[in-house]
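Asker: I have a structure I would like to understand better, so I am pasting it below and will then ask my questions one at a time.
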Amino acid sequence: MKIAIVILNWNGKKLLEKFLPSIVKYSNLINVEIYVADNASTDDSVDFIKQNYPNIVIVQNKENGGFAKGYNDALKHINADIYGLVNSDIEVTEGWLNSIIAAFENEENTAIIQPKILDFKNKELFEYAGAGGGFVDKYGYPFCRGRIFSKLEKDNQQFNDTKDIFWASGACFFIRSKVFHELNGFDEDYFAHQEEIDLCWRAKNTNKTIKYVGASTVFHVGGATLKEESPKKTFLNFRNSLFTLVKNLPKKQLFVIIFTRLVLDGIAGIKFLIEMRPIHTFSILKAHISFYSQLNNMLHKRKDQYQITDYYRVKSIVWQHFVLGKKKYNDIINKL
């Protein structure tokens, strides 16, 4: 199989200086080629790559279309069997590709894979964006093995397995190119955040399998583009999660779950006010306004004939975490 490691870049020279060396060193396999998809950077990151890494192929996008459009535009020009979409703030480790390639070769129905993602700043901890593989609850709130909301677990090899998951992290996201293009790639209306959950859900709706491969490890800085406490990140996460529900929920569940989710978002807004973070409450309000303005557009993207009904393992991660005080994935799953 031909593997394309594709790094999306926007004004990221410092990140490329720091993290390209490990990717180049540990991706030196036959049939693996490294690409940088540049989102119309205005710094000298492209010149840096040309001067220091002449073997890396640069795909120059005409504009900064964010994560979704950036990858959609670039991948039209890359010929490979597997796309490995890797954030520019990812450090990889020796042998990181071996078990991922083996899983694709041995499991024809496996369409998407993510490795174990640990925190670059504290390498004993799982990292927020993906950790040990992602799931959603009944109301669309995402969580991971190793990360429940902002609570991160220590890596004690408890998730060194290979496991079916619901969504794979966009920070380090491997997908069969055929599946990517059959599903028309990422939804560009998202701009950034949670478009990988939507793409995974659409893949699941066509009976594809998504895997976590714990034998492969990478380290992620996280928040290099938008900090965790960014109001824009709050806006995108809340709005895009609602987009994903509208597009992918079974028809009979759609109204009740969306209504409940809007109420829960309102409670989250009140929580931000109590915590003296009103700018995030305002971000949720803006997210809902944007959601309503694009609701008709999202409804037209539904594919009712494919939608799965068993998409969640936990009815309410909000209840489990904030009311019952569960902080670890196994504490929640093993006691259900």
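The values are calculated or read from the model by the stated rules, or taken from the named source; none is laboratory data. Remember, predicted model here, so these are calculated numbers, not experimental data. Neighbour counts run over all protein chains shown; Cβ positions are idealised from the backbone, glycine included.
Asker: Applying the selection to segment 156-180, what residues are farther than 22 Å from residue 306 by Cα and surrounded by fewer than 22 Cβ atoms within 10 Å (Cβ to Cβ)?
Answerer: Of everything in segment 156-180, those that are farther than 22 Å from residue 306 by Cα and surrounded by fewer than 22 Cβ atoms within 10 Å (Cβ to Cβ) turn out to be 156, 157, 158, 159, 160, 161, 162, 163.
Asker: Also, I was wondering about something else. Return a yes/no flag: does segment 52-65 have any residue that is within 19 Å of the chain's Cα centre (by Cα) and either within 24 Å of residue 182 (Cα to Cα) or in contact (Cβ under 8 Å) with a residue 24 or more places away in the chain (or both).
Answerer: yes
Asker: Could you please let me know if residue 4 is closer than 17 Å to residue 81 by Cα and assigned to a strand (DSSP E or B)?
Answerer: It is true that residue 4 is closer than 17 Å to residue 81 by Cα and assigned to a strand (DSSP E or B).
Asker: Same structure, new question: Hand me the list of helices (runs of 4 or more DSSP H) wholly inside segment 218-324 holding 1 or more residues that are among the charged types (D, E, K, R).
Answerer: 231-248, 251-274, 278-293
Asker: I'd like the residue in segment 91-110 that is among the polar types (S, T, N, Q) and closer than 16 Å to residue 29 by Cα and, out of all such residues, is surrounded by the fewest Cβ atoms within 10 Å (Cβ to Cβ).
Answerer: Checked segment 91-110; the qualifying residue surrounded by the fewest Cβ atoms within 10 Å (Cβ to Cβ) is 98.
Asker: Still on this structure, please answer the following. For segment 299-319, enumerate the residues that are free of Cβ contacts under 8 Å to residues at least 60 places away in the same chain and closer than 29 Å to residue 232 by Cα.
Answerer: Across segment 299-319, the qualifying residues are 299, 300, 302, 319.
Asker: Would you be able to say whether some residue in segment 99-108 is within 23 Å of residue 198 (Cα to Cα), touching a Phe, Trp or Tyr at 6+ places or on another chain (Cβ under 6 Å), in the same structural domain as residue 172 (by TED's automatic domain parsing) and modelled with pLDDT of 95 or more?
Answerer: yes
Asker: Next up: Would you call residue 159 in a strand (DSSP E or B) and hydrophobic (A, V, I, L, M, F, W, C)?
Answerer: It is false that residue 159 is in a strand (DSSP E or B) and hydrophobic (A, V, I, L, M, F, W, C).
Asker: Looking at segment 133-155, which of the residues that are of a type in the set (Lys, Arg) and not in a loop (DSSP other than H, G, I, E, B) is surrounded by the fewest Cβ atoms within 10 Å (Cβ to Cβ)?
Answerer: 154
Asker: A further question follows. Of the residues 27, 22, only one is of a type in the set (Ser, Thr, Tyr), in the same structural domain as residue 95 (by TED's automatic domain parsing), touching a Ser or Thr at 6+ places or on another chain (Cβ under 9 Å) and surrounded by fewer than 20 Cβ atoms within 10 Å (Cβ to Cβ); which?
Answerer: From the options 27, 22, the qualifying one is 22.
Asker: Suppose we filter 199, 183 for residues that are among the hydrophobic types (A, V, I, L, M, F, W, C), in the same structural domain as residue 65 (by TED's automatic domain parsing), buried (at least 22 other Cβ atoms within 10 Å of the Cβ) and closer than 18 Å to residue 245 by Cβ; which single one remains? Let's see the steps before the verdict.
Answerer: Values: 183 fails: buried (at least 22 other Cβ atoms within 10 Å of the Cβ).
Exactly one of 199, 183 is among the hydrophobic types (A, V, I, L, M, F, W, C), in the same structural domain as residue 65 (by TED's automatic domain parsing), buried (at least 22 other Cβ atoms within 10 Å of the Cβ) and closer than 18 Å to residue 245 by Cβ, namely 199.
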